[in-house]
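Read through the structure below, which is laid out as structure tokens, and then see the notes.
The values are calculated or read from the model by the stated rules, or taken from the named source; none is laboratory data. As the structure is a prediction and not an experimental result, all values here were calculated from the model. All Cβ positions, glycine included, derive from the backbone under ideal geometry; neighbour counts span all protein chains shown. Only protein heavy atoms, including side chains, enter the accessible area calculation; ligands, DNA and RNA are left aside. Shrake-Rupley method; radii C 1.70, N 1.55, O 1.52, S 1.80 Å.
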Amino acid sequence: MSDTQVTGWVGWGWFAGIVLLIAGIFDAVRGFIALLQPDSAYFVVNGNLFLLDVQGWGWWHLIIGALLILVAIALFTGATWARVIAIILAAVSAISQLALLPTQPWWSLTVIALDIFVIYALTVHGKEMKAAREGY
């Protein structure tokens, strides 16, 4: 028997799982596209030239996307390990968005805000997902 009381706030856990699932699908699709079109990309930002290996970027996004999808599915079952991994991935995502802040400020701030909501949902209300799943 669980000592966790299920409240209406359990929806935050579902929100976190859905956000991670959508992010995983988007990352996987971006990864597939980058792998199917492996040309290098060039960007000029504030007079600086950046060269990006699109194929390496594609593999990274494909692997992260698959991992996010698996963790999101495990979150819906209430797995504790999935909450821990999801919090770590959301924190890494938020920190990595700081590098993109100068080039894509609105997108980066949006992703950082979503990552903070996911971290909040899983740390404060994540235990309720398992209790709700078990019917307590």
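Net charge dipole, the chain: roughly 180 debye, given to the nearest 20, about the Cα centre with Cβ charges of +1 for Lys and Arg and -1 for Asp and Glu. Rolling a 1.4 angstrom probe over the protein heavy atoms with all chains in place gives the range 43-119 an accessible area of 62 Å² per residue. Within the range 19-33, what residues put their amide N at less than 14 Å from the label point 7 Å along the Cα-to-Cβ vector of residue 54? Counting only backbone N, you get 30-33.
The share of accessible area on the chain that comes from carbon and sulfur is 71 percent, using a 1.4 angstrom probe.
The simple spin-label model puts a point 7 Å past each Cα toward its Cβ; for residue 46 and residue 123 those points are separated by 3.0 nm.
Considering only 113, 76, 65, and ranking their Cα positions along the charge dipole of the chain that arises from unit charges at the beta-carbon of Lys, Arg, Asp and Glu, the one farthest toward the positive end is 76.
Take the Cβ-Cβ distance between residue 84 and residue 109 as r, set R0 to 30 Å, and report the resulting FRET efficiency rounded to the nearest 0.05. Once the sixth-power term is evaluated, E becomes 0.70.
Residue 14 to residue 35: extension gain in nm, 0.36 nm per residue of separation minus the Cα-Cα distance? Let's see the in-between values first.
Working: separation 21, 0.36 × 21 = 7.56 nm, distance 3.13 nm.
Full extension from residue 14 to residue 35 adds 4.4 nm.
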